[in-house]
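**Student:** Take this structure, written in structure tokens, and hold onto it; I'll ask about it next.
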Amino acid sequence: MAGVIESLRSDHSRMTKLLDALERQLSSFDEGKPVDFDILDGVIYYCLSYPDLHHHPLEDLVFDRLKLRNPEALAGTKDLREEHEALAIHTRRFAAAIRTVQQDIPVERKSVQEVASEFLSAYRRHIMMEEKLFFPAAQRSLKPEDWSTIAGQLKPIEDPLFERREDERFSALYEDIIAWDQASTA
Ligand SMILES: [Fe+2]
């Protein structure tokens with residue numbers, strides 16, 4: 001049963017669009033061009049509201065099940081729970097750095113750039129590790145009953161940025177992603 005992994009992979013492809021949007025803003029910041037703080041706010045708010053509250057907890061359940069069933073299958077992968085805690089810390093650091101700039105608190109531009117690029121690369125590295133190592137290991141080792149148990153442990157929720165789309169805090173980010181997608185396929 002691959003429903004859980006398919007859903008996690010689909011989250012990753014959406015998160016990648018969001019990270020790409022962030023990277024475009026960081027490039028503007030690096031070049032001294034204006035930055036859209038509504039987009040940055042959307043990225044931060046999304047990470048706090050969906051990956052931290054749903055996507056990562058679901059992966060943690062898969063991780064725990066895999067550890068129980070076949071710990072050898074996890075050789076080479078990182079401890080997912082630790083990785084998710086580290087990502088949550090990166091998100092909070094990034095959020096604090098952006099707040100500092102928004103509130104005109106004196107801060108070295110370089111330190112904001114460093115925190116933002118650490119956040120971005122930690123997320124990208126983590127997604128790649130899961131796609132290349134963790135998901136295939138789970139798919140090889142877990143049985144249909146494991147997937148049913150996992151799916152029963154966490155109720156699915158709608159993605160607030162790409163599916164529910166009711167919260168205006170995501171508007172600027174969503175529009176930016178759609179505009180970029182349209183320009184890329186034109
Ligand atoms: Fe993930």
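**Student:** With label points built 7 Å along Cα→Cβ from the Cα atoms of E31 and Q139, find their separation and express it in nm.
**Tutor:** Reported label-point gap for E31 and Q139 is 3.8 nm.
**Student:** To the nearest 20 Debye, how big is the dipole of the chain about its Cα centre, given +1 on the beta carbon of each Lys and Arg and -1 on that of each Asp and Glu?
**Tutor:** 500 debye
**Student:** A further question follows. Using the basic label-point model (7 angstrom from Cα toward the beta carbon), what is the A179 to K155 distance in nanometres?
**Tutor:** My value for the distance between the label points is 3.7 nm.
**Student:** Still on this structure, please answer the following. With every protein chain kept in place and ligands, DNA and RNA left out, what is the accessible area per residue of region 3-180? Probe 1.4 Å, answer in Å².
**Tutor:** 52 Å²
**Student:** Working from the alpha-carbon coordinates of the chain, get Rg over Rh, Rh being the Kirkwood radius.
**Tutor:** Using only Cα positions, Rg/Rh for the chain is 1.00.
**Student:** Give me the distance in nm between label points sitting 7 Å out from Cα along the Cα-to-Cβ direction at S171 and A186, one decimal.
**Tutor:** With each label point 7 Å from Cα toward Cβ, the separation is 2.3 nm.
**Student:** Let's test the formula: R0 of 45 Å, r as the Cβ-Cβ distance of S7 and Q103. What FRET efficiency results, to the nearest 0.05?
**Tutor:** For R0 = 45 Å, the calculated efficiency reads 0.75.
**Student:** Would you mind checking region 99-128 for residues with the amide N under 14 Å from a putative spin-label position 7 Å along Cα→C-beta of E85?
**Tutor:** none
**Student:** Roughly how tilted is helix 56-69, in degrees to the nearest 10 and between 0 and 90, from the longest Cα axis of the chain?
**Tutor:** Between helix and principal axis, roughly 30 degrees.
**Student:** How much of the accessible area of region 79-124, probe 1.4 Å, is carbon plus sulfur, in whole percent?
**Tutor:** Heavy-atom surface of region 79-124 belonging to carbon and sulfur, 1.4 Å probe: 51 percent.
**Student:** Pairs of Cα atoms under 8 Å, at least six residues apart: use those to get the relative contact order of region 52-136, whole percent.
**Tutor:** For region 52-136, the relative contact order is 32 percent.
**Student:** Using alpha-carbon pairs under 8 Å, 6+ residues apart, how would you state the relative contact order of region 3-180 in percent?
**Tutor:** 38 percent
**Student:** Using alpha carbons only, how many degrees (0 to 90, rounded to 10) separate the axis of helix 80-102 from the longest principal axis of the chain?
**Tutor:** Rounded to the nearest ten degrees, it is 10.
The values are calculated or read from the model by the stated rules, or taken from the named source; none is laboratory data. Note that this is a predicted model, so its numbers are computed, not measured. Positions of Cβ are generated from backbone atoms using ideal geometry, with glycine treated the same way; all protein chains shown enter the neighbour counts. We work out accessible area using only protein heavy atoms, side chains counted, and drop any ligands, DNA or RNA first. Shrake-Rupley method; radii C 1.70, N 1.55, O 1.52, S 1.80 Å.
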